[in-house]
Every structure is written in structure tokens, then in C-alpha cells.
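Just so it is clear, none of the values below were taken in a lab; they were calculated from the coordinates. These figures come from a predicted structure and were not determined experimentally. In this analysis, Cβ positions are derived from the backbone assuming ideal geometry, glycine residues included, and neighbour counts consider all displayed protein chains.
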Amino acid sequence: MEFVTVGFQESEGVNGREVVWRGDSRREATEAKLVLTAVGIRCRQRIRDGIWEIIVGEADHSRARQELLAYEKEQRESAESSRAQEATNNPEGIGAVAGVVGFIIALILAWFVQAGTLGQEFSEHFQVAGHIDSVAMKGGQWWRSATALTLHADPGHLLSNLAFGSLFGLLIGRMMGGGLGMLAILLGGIGGNLLNVSLRASDHLAIGASTAVFAALGILVGYAAIESWNERKFRFRNWQPIIAGLVLFSMLGLGDERTDVGAHLAGMLVGLPIGIAAFWLPVHIAKKPAYQVAAAALAVALICGAWGIALSA
């Protein structure tokens, strides 16, 4: 809260007393009075012709003025510090919408290939080469952890992941920029698939971007949790991001027998540390186009490279 500088006035005699502050805000006048009272300066608050005034004894005028000016400076510096901290924690990264558009285009293009746009034979090869196969992945075919993210069982499966992925992606893009946001989600999805497969003892087949979607949820929860805990005060609201994440997971991550709950949980677990790391992302990185373009190019290269290996293996 800042004092308006125009509130500080030159001396005006009033029966041995002087006006030290003048302004049109009752709240600010009351605040000025409290500041002076706190340091032991007797004062009086009044309104005259719609203008609030703080009056002090003539002997206290100089000290009162210095106290109010010092308080104004302290409040101004505190406000500037708060804005700087908010900018650091909420950098408003650029390209959030562009990142989401890229995500949507990638999934739709893959769906058209699945649907046989390039021929039925290629479509079948595309799906066989790209799906999660725990046996093949444990044998070294790591690229399936990336390619499987672009495949879907049916339109409903695709639309669900597009909807939630776009929402979470937009939020993450606003935190760290569209390019870095999409790269973080992709890495979370890849890591989630690798973790899920490594923990399975039996054969496991799967497709879908949901692992990446839940990695995005994990990123959001991790970021919000560390932002809350960074205040270093134990409050119930410190736990709210984690509780919200668990509630969302229970609503979205659990389903029928076809739902790969393990992949959803693995994606969220991998996303958590990514979100925590994102909290400390320097502001200039989130706002600089070159970094975002480079990150987006790396994400595209990862997906295209994985598919290149898969289709030629």
C-alpha cells in the first residue's frame, strides 16, 4: 500500500498546530495517523472541504513529516519488491497459445495417419511400430515411450487428451513459455512411460497422450506446491495444490479396465519434479523468444526422431 506523495504538505498553522498530511482518501489519512501514533507523535485527523488532514504540534512537524516520508519510501520499495517477486514466480512466458496449437496439430496429424490417410498398410505399420510394448522397450526400443504419446484408440480418447492437454499446456505455457512448456510436458510423458514400463513385470501394450497429460498435471501441482511452501509458513493452504492434484487425479486418472492407471500415476510423478524446477526458471528465459523456439524445435526433433527410428527399425 503506497501513500500518495501529494499528501505531504508544507506547514499550515492551526492554533499552534500544523498540517503535515493532506489527501482525499480517508483510508490513507487513517494510515498516516497510525504511523505517527506508533512512533509516539500526537496527531489529529480531520476533514475539511472534502479533504482529509493530519494535524500535529508545531514542534513535531519536522519529525512527523520525516516519519511519513520514510514510511512512504518503505511501502514503495516493498511494493516494488513484491512486484519483482511476482514477476519471478509468474513470468508470463511467451508463446503459450502457440505451444498448445503445436500440441493439437501433432496429435491430429498422427490421428490422420492412423486413420489410413497414407494407406491402410502404412497405418498398420505406424501403429505397430509406435505403441508401448514393454517387452520391446526393455529390449532397448526406448523411442516407443515418445511415439506412443501420439497414438490413440478412438476419437473419444483423442478428444479427451486434446481437451485436458490443451488446458494444462496453456497454463504451463503461461508459466514457462510455450516452447519450454511443451518440451517439459513431452519429457514428462516420455519419462512417465519409461517409469511405468520399468515397474511392470508382465507384457504391457498401450497408446495415448494421457501419460503426458498427467505429467502436465504433475508439473502444475509441483510448481504450485513449491510456490506455496516457499513462503516458509506452515498453513493449510500450503497443502492445497497437492490436495487439488490428488482430487484431479482421482477424477481423471481412474477409469474402466482399459485405463492405464499406472501410466497416469507415473506421468504425474515424473511431472512433479519438473514443476518444482520450473518454479526457479529465470524470468528472462520464459520471456525470450530464442529460448522458446529452441525448446520447441527440440520437442519436434524428439518426436520426429523417435518416429524416424520406429518406422525404420
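In this rough spin-label picture, where each label sits 7 Å from Cα along the Cβ direction, the Trp280-Ala70 distance is 3.7 nm. The stretch 30-65 and the stretch 125-168 have their alpha-carbon centroids 69 Å apart. Extents of the stretch 96-312, largest first, come to 59, 40, 31 Å (Cα atoms, principal axes, whole angstrom). Please sort by residue number the chymotrypsin sites (Phe, Trp or Tyr not before Pro) in the stretch 268-313 whose DSSP state is loop and whose Cβ has at most 12 other Cβ atoms within 10 Å. Sparse-neighbourhood loop chymotrypsin sites (Phe, Trp or Tyr not before Pro): Trp280.
What's the Cα-based Rg to Rh of the stretch 155-197, Rh via Kirkwood? Can you show the working numbers first?
Values: Rg = 11.4 Å, Rh = 11.0 Å.
In the stretch 155-197, Rg relative to Rh is 1.04.
For Cys304 and Asp154, the difference between the fully extended length at 0.36 nm per residue and the C-alpha to C-alpha distance is 51.8 nm. Multiplying the residue separation of Ser198 and Trp142 by 0.36 nm and removing their Cα-Cα distance gives an extension gain of 19.1 nm. Taking label positions 7 Å along the Cα-Cβ direction at both Leu109 and Thr37, the computed distance is 6.8 nm, reported to one decimal. If R0 is taken as 22 Å, the Cβ-Cβ distance between Asp24 and Ala59 corresponds to a FRET efficiency of 0.20.
Extension gain, Ala163 to Ala297: 0.36 nm times the residue separation minus the Cα-Cα distance gives 45.9 nm.
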